[in-house]
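Novice: One structure follows; several queries about it will come next.
The values are calculated or read from the model by the stated rules, or taken from the named source; none is laboratory data. Owing to the predicted nature of the structure, the values given are computational and were not obtained by experimental measurement. Here the Cβ positions follow ideal geometry from the backbone for every residue, glycine too, while neighbour counts run over all protein chains shown.
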Amino acid sequence: MFLGYINPYLYIAFVFLYPLKENRIPFLFYSFLLGVSVDFFSDSGGIHAFSIIVIAYVRLFFVRLYFRKVVADYPFFNLKSEAFGKVFNYVTTLTIIHHLIYFSFINFSFQNISVVLLNTLYSSIFTLILFFLGTYIFTKK
Amino acid sequence: MQQIIYFFQKFKYFLFFLLLGFIALTFTFNNLNYHKSKFVNSANFVTGGLYSQASSISEYWNLKSENKILAEENTRLKNLLEKKSFAVIDSDSTVTDSIKYHQKYTYTTAKVIKNSYSKNFNFLTINKGQNDGVFKEMAVVNSKGVIGITDSPSNGYSTVQSILNRNSKINARLKNSNYFGSLGWDGIHYNIVQLSDIPRQAPLKIGDTIETGGMSTIFPEGILIGVVSKINKGNTADNKVDVTLFNDMSNLGYVYVIKNLDKVEIKSLEALQDE
């Protein structure tokens, strides 16, 4: 789409919005299933699956880093009730990690590293715009 | 023993992550390197069916341009026929000698039901498969030129490795000469491919037409590819030139799948040579 530079991948919103639980096995597994089903349709082997489980795995680390939550807070954690700045940092970091892994694997060599970085930058911006527009539209007032 | 159980308890999430990551990477490498991906691709029953439904709806938007392409192709073929009939009259015979006549290629029509051109390793999906006689490594072209090579056919669908794929290598030559090189893609622009290893003494100019050479058992000779758009003046080892494609790879409808009937014979002959 758009000269091949901008490919927003909104499906990673699943990772941001899935509730925090102590047992993370089902969450990792569902993320993997989601990634594989995207791969089925885009002929990309297992690249989507790999990049989504990476961010699904590191999500907890960033939740602890940005929101300072402990295990007892998990059931009450909700993105909508958090400050926008924190949510923005959290979502942006995960999106950029996902897109960087995804485009590096798609490119699969160090030849066109500038194309990878440009793709990551532009696509991340558009994924973020779509994600925040989506949350804004579907939030109950 | 307790140590091991404790270890698994402590690192179970990380181990599960490693397991899933390993599975995903296996899919990835199978798909990238060997094209052996049997079930995670868009040619299987479920995804192929969905894509063909979607494309049967969206094809109405392209009917006009599709008609125009067909009319242009008809004109070109009629002109070719016209030339042919003169040749027949010249030789004073209209009899086709069935012993001397030898058909080398068969053509099958297919429709592109899924197209991709913005990645580094692009694959298309067409709506013909093994049931229609489409097998691995057959040429896919349309009236404007080369599109790709069939990759993994299922019963009703097959994936096509597009020429816009960094693994693709096609034998190509200058039109009306026998200087040949190999055609690949660097993954940047979807309408510019690279012709490399063309001899330095070849009289190459900007605007020259590039077509397929007769050296491969996949493509017939003389199928159009594109025109030379940039010549590298430097002294590089592979002497790369940029070729702008005739085909708009982002807008593909109906295509032809070409089967080479002599492929087995040629391959077995070449295998004999290698021993």
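Novice: Which one of B:198, B:188, B:206 is assigned to a loop (DSSP other than H, G, I, E, B), touching a helix residue (DSSP H, G or I) at 6+ places or on another chain (Cβ under 8 Å) and of a type in the set (A, V, I, L, M)?
Specialist: B:188
Novice: Scan segment B:236-253 residue by residue and report those that are surrounded by fewer than 17 Cβ atoms within 10 Å (Cβ to Cβ) and over 24 Å from residue B:204 (Cα atoms).
Specialist: If the condition is that a residue be surrounded by fewer than 17 Cβ atoms within 10 Å (Cβ to Cβ) and over 24 Å from residue B:204 (Cα atoms), then B:250, B:251, B:253 are the ones that fit.
Novice: Suppose we keep only residues that are without any contact (Cβ under 8 Å) to a residue 12 or more places away in the chain and charged (D, E, K, R) within segment B:194-235. Which one would you say is surrounded by the most Cβ atoms within 10 Å (Cβ to Cβ)?
Specialist: B:221
Novice: Same structure, new question: Counting only residues that are at the interface with chain B (Cβ under 10 Å from one of its Cβ atoms) and more than 24 Å from residue B:13 (Cα to Cα), give me the helices (runs of 4 or more DSSP H) lying completely in segment A:27-141 with at least 2 of them.
Specialist: A:84-107, A:113-138
Novice: Separate question: Yes or no: residue B:264 hydrophobic (A, V, I, L, M, F, W, C) and surrounded by 15 or more Cβ atoms within 10 Å (Cβ to Cβ)? Can you show your working first?
Specialist: Details: hydrophobic (A, V, I, L, M, F, W, C): yes; surrounded by 15 or more Cβ atoms within 10 Å (Cβ to Cβ): no.
No: the conditions fail for residue B:264.
Novice: In segment A:11-26, what residues are β-branched (Val, Ile, Thr) and within 11 Å of another protein chain (Cβ to nearest Cβ)?
Specialist: Within segment A:11-26, A:25 is the sole residue that qualifies.
Novice: Starting from segment B:255-275, keep only residues that are at pLDDT 85 or above, then list their pairs with residues that are assigned to a strand (DSSP E or B) and exposed (fewer than 10 other Cβ atoms within 10 Å of the Cβ) whose Cβ atoms are within a distance under 6 Å, requiring at least 6 positions of separation or different chains.
Specialist: none
Novice: While we're looking at this one, here's another question. For the structure I just gave you, tell me whether residue B:50 is on the phi < 0 side of the Ramachandran plot, within 14 Å of chain A (Cβ to nearest Cβ) and modelled with pLDDT of 85 or more.
Specialist: When the stated conditions are applied, residue B:50 does not pass them.
Yes/no matrix, rows are residues, columns are (1) exposed (fewer than 15 other Cβ atoms within 10 Å of the Cβ); (2) free of Cβ contacts under 8 Å to residues at least 24 places away in the same chain; (3) of a type in the set (S, T, N, Q):
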{"position": "A:40", "(1), (2), (3)": "no, yes, no"}
{"position": "A:46", "(1), (2), (3)": "no, yes, no"}
{"position": "A:76", "(1), (2), (3)": "yes, yes, no"}
{"position": "A:84", "(1), (2), (3)": "yes, yes, no"}
{"position": "A:87", "(1), (2), (3)": "no, yes, no"}
{"position": "A:91", "(1), (2), (3)": "no, no, no"}
{"position": "A:100", "(1), (2), (3)": "no, yes, no"}
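Novice: Also, quick follow-up: Would you please name the residue that is nearest to residue B:50 (Cα to Cα), looking only at residues in segment B:169-195 that are among the small types (Gly, Ala, Ser) and within 14 Å of chain A (Cβ to nearest Cβ)? Outline the logic, then answer.
Specialist: As a first pass, look at segment B:169-195 and keep what is among the small types (Gly, Ala, Ser): B:172, B:177, B:181-182, B:184, B:187.
Those still in the list that are within 14 Å of chain A (Cβ to nearest Cβ) too: B:184, B:187.
Values: B:184: 31, B:187: 28 Å.
Among those residues, the one meeting the criterion is B:187.
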